[in-house]
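In what follows, a structure is listed as C-alpha cells, so that the remarks can point back to it.
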Amino acid sequence: MAEATKGEQDFFAKLDVNGDGSILKAEWLKIFDATDPDKSGIITRKKWTVTYGDTDVFDKISTKKTTPQIKREEWEKAFDKVDKDADGKTTLAEWVSVTNKKKKKKKKK
C-alpha cells in the first residue's frame, strides 16, 4: 500500500469530522451539507474552494467538466467507491488507494 502524503493526511483529517481515524458515511453526507449552505443539492467549484481551498478531490468527484459541480448522488457514489470493503466508513488507507489510482491514471495520459 502506498504511503499517504502529508497533504492527503491533512485533507483526510479535515473530512474526519469526529477525529476517529475514519470517515463514516454520515460524516461524508454532513460534509456535503456543510458545503451546500443554500441546500441546492449541488456543490459548485466555487463553494468547494471557499470551504476547502484545494480542488483535487472536487475534480475527481465532479463529472461535469464544463460547469464543474457535484450533485448529492455523485457525492454518495464517490463515498461508495472509496469504501472498498463496504463497511460504511472509509479509512486513510482506502482513501489513499483510490486517490493514488487516479493520480496514476492522470500520469499515463
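No lab work stands behind these numbers, since they all come straight from the coordinates. A quick note: this is a predicted structure, and the numbers were derived from the prediction, not measured. As a convention, Cβ positions derive from the backbone with ideal geometry for all residues, glycine included, and neighbour counts pool all protein chains shown.
Restricting to DSSP H runs of at least four residues, report the calculated mean residue ellipticity at 222 nm for the chain, -39500 (n - 2.57) per run over all residues, nearest 500 deg cm²/dmol.
Numbers: 6 runs with 63 residues, N = 109.
Per the formula, -17000 deg cm²/dmol.
Given the chain reduced to its alpha-carbon atoms as identical point scatterers, what log10 I(q)/I(0) does the Debye formula return at q = 0.13, 0.15 Å⁻¹?
For the chain, the Cα-only Debye profile gives -0.46, -0.63.
Have a look at Asn100, Trp75, Gly7 and report the one farthest towards the positive end of the charge dipole of the chain, computed about the Cα centre with Cβ charges (Lys/Arg +1, Asp/Glu -1).
Asn100
How big is the charge dipole of the chain about its Cα centre, in debye rounded to the nearest 20, if each Lys and Arg gets +1 on its Cβ and each Asp and Glu gets -1 on its Cβ?
Details: 26 positive and 20 negative charges, 190 e Å.
About 920 debye.
Evaluate E = 1/(1 + (r/R0)^6) for Asp85 and Asp38, where r is the Cβ-Cβ distance and R0 equals 30 Å; express this FRET efficiency to the nearest 0.05. Could you put the intermediate results ahead of the total?
Details: r = 34 Å, r/R0 = 1.15.
That pair, Asp85 with Asp38, gives E of 0.30.
May I ask you to compute the full-extension gain from Ala13 to Asp54, defined as 0.36 nm times their residue separation minus their alpha-carbon distance, rounded to one decimal in nm? Before the final figure, lay out the partial values.
Working: separation 41, 0.36 × 41 = 14.76 nm, distance 1.41 nm.
Full extension from Ala13 to Asp54 adds 13.4 nm.
Determine the shape class of segment 37-86: with a ≥ b ≥ c the square roots of the Cα gyration tensor eigenvalues, call it rounded for a/c under 1.5, and otherwise prolate if a/b is greater than b/c, oblate otherwise. Before the final figure, lay out each step's value.
Values: a/c = 1.72, a/b = 1.54, b/c = 1.12.
Prolate.
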